[in-house]
Amino acid sequence: MIKAGELAAQALELAGKNAVAGISTWELDRIVNDFIVSKGGHSPCKGYGGFPGHNCFSVNEELIHGIPSKKKILKEGDIISCDIVAELDGYMGDNTKTFRIGTISDETERLLQATETALYKGIEQAVKGNRVGDISNAVQTYVEGAGYCVVKKYIGHGVGREMHEDPEVPNFGKPGRGPRLIPGMTIAIEPMVNQTTDQVKVLSDNWTVVEANGKMSAHFEHTILITESKPMILTLPSH
Ligand code: MF3
Ligand code: CO
């Protein structure tokens, strides 16, 4: 899981470096996939439920599951959520960041910072003896306190040999509820945050999930290991 997490994080870092004005999300997908394959890994999203890309690239009001496309060209002021899963030797790392293309508006900057901070508020709660609800509540409390909306239709999850395992890790809930966290568990914590509503729509491509009012949305995700002490973030480029 440590090696898979590192590979997923390196791939995400590479996506961030290449996410500049003028590039298409199809080209980003190709670059990331070539890298993962060159390291002996592969991208389990390809073909998952029929998903056509290797990774998800979601621009501006697109929250998750954006399909890589030659027609989707990044431009100055955009944001792009790159959600990258890498499988290596039978284990998976899952991580996401929303990157800025050049200079973005102050409003959008604030949304990104709130979403990333909410992820770390959740990670802080990912300790032995706590329950999943402690993570969920920390994320929700921070996001709503910042004036944004947590999406409830899509949630975080256990991750391991499969991309999606138990337990479910919602970005909303009550402290002290849900499954207890036990050392050795690996989970993906992934706040999905909308600017103006918790509602989403799915586009006619049957994949792309967008902010229901067409405003901005952000997504940050790490794969975490529950330990005897502090949570260990597995999706870092090196340990
Ligand atoms: N990586 C996503 C997650 O965080 C799932 C991707 S959906 C797929 O759970 F269809 F692209 F695989
Ligand atoms: Co995930």
Relative counts (whole %) of C-alpha pair distances in segment 140-186, using bins that are 10 Å wide: 23, 47, 27, 4
Residues whose modelled amide H sits under 5 Å from the amide H of Gly53, counting only those 5 or more places away in sequence or on another chain, are Gly47
The chain, Gaussian network, Cα under 10 Å: of Pro68, Pro170, Pro183, the residue fluctuating most is Pro183
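Hey, what does the equivalent ellipsoid look like for the chain, semi-axes from the Cα gyration tensor as sqrt of 5 times each eigenvalue, largest first, whole Å?
Equivalent ellipsoid of the chain: 25, 22, 15 Å, largest first.
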Just the Cα atoms of segment 141-239: what Rg and Dmax do they give in Å? 15.0, 46
Per-residue HN-Hα couplings for segment 233-239 [Karplus 6.51, -1.76, 1.60; θ = phi - 60°; Hz; x = Gly/Pro]: 7, 7, 8, 10, x, 8, 10
Per 0.36 nm of contour for each residue apart, how much would the distance between Arg30 and Gln199 grow if the chain were fully extended, relative to their Cα-Cα spacing? 57.7 nm
Name the residues whose placed amide hydrogens come within less than 5 Å of the amide hydrogen of Thr223, ignoring near sequence neighbours (fewer than 5 apart) on the same chain. Asp94, Leu234, Thr235
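Over 21 Å between Cα atoms: which of Lys46/Lys70; Lys97/Lys174; Lys17/Lys230; Lys3/Lys72; Lys17/Lys152; Lys152/Lys215 fall into that group?
Lys97/Lys174; Lys17/Lys230; Lys3/Lys72; Lys17/Lys152
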Using a Gaussian network model of the chain whose springs link C-alpha atoms within less than 10 Å, name the residue from His42, His164, His65 with the highest mean-square fluctuation. His164
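In the P(r) worked out for segment 11-90, what percent of Cα pairs fall beyond 17 Å?
39
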Can you compute the helix-only [θ] at 222 nm over the chain? Use -39500 (n - 2.57) per DSSP H run of at least 4 residues, normalise by all residues, nearest 500 deg cm²/dmol. -9000 deg cm²/dmol
So if the hydrodynamic radius of segment 49-105 is defined as the Kirkwood radius over C-alpha pairs, what does Stokes-Einstein give as its diffusion coefficient at 25 °C and 0.890 mPa s, in µm² per second? 198
Within the chain, longest stretch clear of exposed GluC sites (Glu not before Pro) (DSSP loop, no more than 14 other Cβ within 10 Å): 77-161
Phi to ³J(HN,Hα) by Karplus 6.51 cos²θ - 1.76 cosθ + 1.60 over segment 169-176, Hz, x for Gly, Pro: 10, x, 9, 8, x, 9, x, x
Would you mind working out the accessible area per residue for the chain, using a 1.4 Å probe, and quoting it in Å²? 43
Phi-based couplings in Hz for segment 17-27 (Karplus 6.51, -1.76, 1.60; Gly and Pro marked x): 5, 8, 7, 10, 4, x, 8, 8, 6, 5, 5
Alpha carbon centre of segment 111-161 versus segment 1-27: separation in Å? 23
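The values are calculated or read from the model by the stated rules, or taken from the named source; none is laboratory data. None of the values given here were measured: they were computed from a predicted structure. Cβ: placed from backbone, ideal geometry, glycine included. Neighbour counts: every protein chain shown. These area figures cover heavy atoms from the full protein model, side chains too; ligands, DNA and RNA do not enter into them. Shrake-Rupley method; radii C 1.70, N 1.55, O 1.52, S 1.80 Å.
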